[in-house]
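Report on one structure; see the data block that follows.
The values are calculated or read from the model by the stated rules, or taken from the named source; none is laboratory data. The structure presented is a predicted model; accordingly, all values stated were derived computationally and were not measured. Glycine also receives a Cβ, built like all others from the backbone with ideal geometry; neighbour counts cover every protein chain displayed.
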Amino acid sequence: MHRTIRLFMAAALLALAALPAAAQQIKQPRPKNPDDEGLHYVLLREFAKVNEQLAEMAKRVGTLEAELARIKEQAGAVATDARATQNTVRDTDRNLTQKLVDTDQKLVTLRNDVIQLRSDLANLMDLLRRQSQMAPLAAPEVLQEPVGYITEMIGDREVKFKIDAGRTVRAGMRLGVYPAADPKTQIGIVVVSEVLDANNARADIIRKDPGATFNFSDIVRPIS
């Protein structure tokens, strides 16, 4: 379409350029021949019509040039929008591709973590099973009622303790020693060596925990 408009404009310009020369030839003196003079006026009128048509064509060419400029401007805007759209699509595709890569990497890491966790759990269960087979859990100690409390330390190997009312103590009984402030924690073991009377007895120390000391009012109770 643009090529056709250009050819039309070139033809119109050539015609406009040739018109003054042709008109000049008509205006030159002619022989005094009545027929030639009539023809001369007829040609002038025809050239005037042609000139009007060329002027109209020139106006149309101007309109076409303006339309062509508008079309070019629209084409430029469309091209700009197309480039912007292409850039947006390219950026979006690049971002989406990067997110997919990151997601794949996270999934791989998560899968490896799950595999490692399962392996660690299996190893732990196997270790617990082996330990339960090798060393069964000991039954918790059943604490019996106290039989009395320490009243005196006799050197480093013997203690004297008071027997609670209603309790029976005999020589050879094994008694655990417990602090009065923590009556559930055993800190040593003594064996009754002599029952002095109904209220007092002596016992030999056969075990004392490292760092532990026997003090007045420490509880003594039977142990198996």
task: Give segment 123-137 a look and list any residue that's surrounded by 10 or more Cβ atoms within 10 Å (Cβ to Cβ), of a type outside the set (A, V, I, L, M, F, W, C) and modelled with pLDDT under 80, or say none.
output: D126, R129, R130, Q131, S132
- prompt: Do you know which residues across segment 169-188 are without any contact (Cβ under 8 Å) to a residue 12 or more places away in the chain and more than 60 Å from the chain's Cα centre (by Cα)?
  reply: none
task: Could you list all residues from segment 173-208 that are of a type in the set (G, A, S) and modelled with pLDDT under 95?
output: A180, A181, A198
query: With (1) within 11 Å of S217 (Cβ to Cβ); (2) surrounded by fewer than 16 Cβ atoms within 10 Å (Cβ to Cβ) as the list, and Y178 as the residue in question, which single condition is left unmet?
result: (2)
query: Is it true that some residue in segment 58-78 is touching a residue at least 12 places away in the same chain (Cβ under 8 Å), of a type outside the set (A, V, I, L, M), out of contact with any Asp or Glu (no Cβ under 9 Å at 6 or more places or on another chain) and surrounded by 10 or more Cβ atoms within 10 Å (Cβ to Cβ)?
result: yes
- prompt: Looking only at strands (runs of 3 or more DSSP E) that fall completely inside segment 93-202, which ones have 1 or more residues that are among the polar types (S, T, N, Q) and in contact with a Phe, Trp or Tyr (Cβ under 9 Å, 6 or more places away or on another chain)?
  reply: 148-154
query: Hey, any hits in segment 113-122 for a residue that's touching a Gly at 6+ places or on another chain (Cβ under 7 Å), modelled with pLDDT of 85 or more and not acidic (D, E)?
result: no
query: Do you know which residues across segment 189-224 are at positive phi and under 60 Å from the mean Cα position of the chain (by Cα)?
result: G211
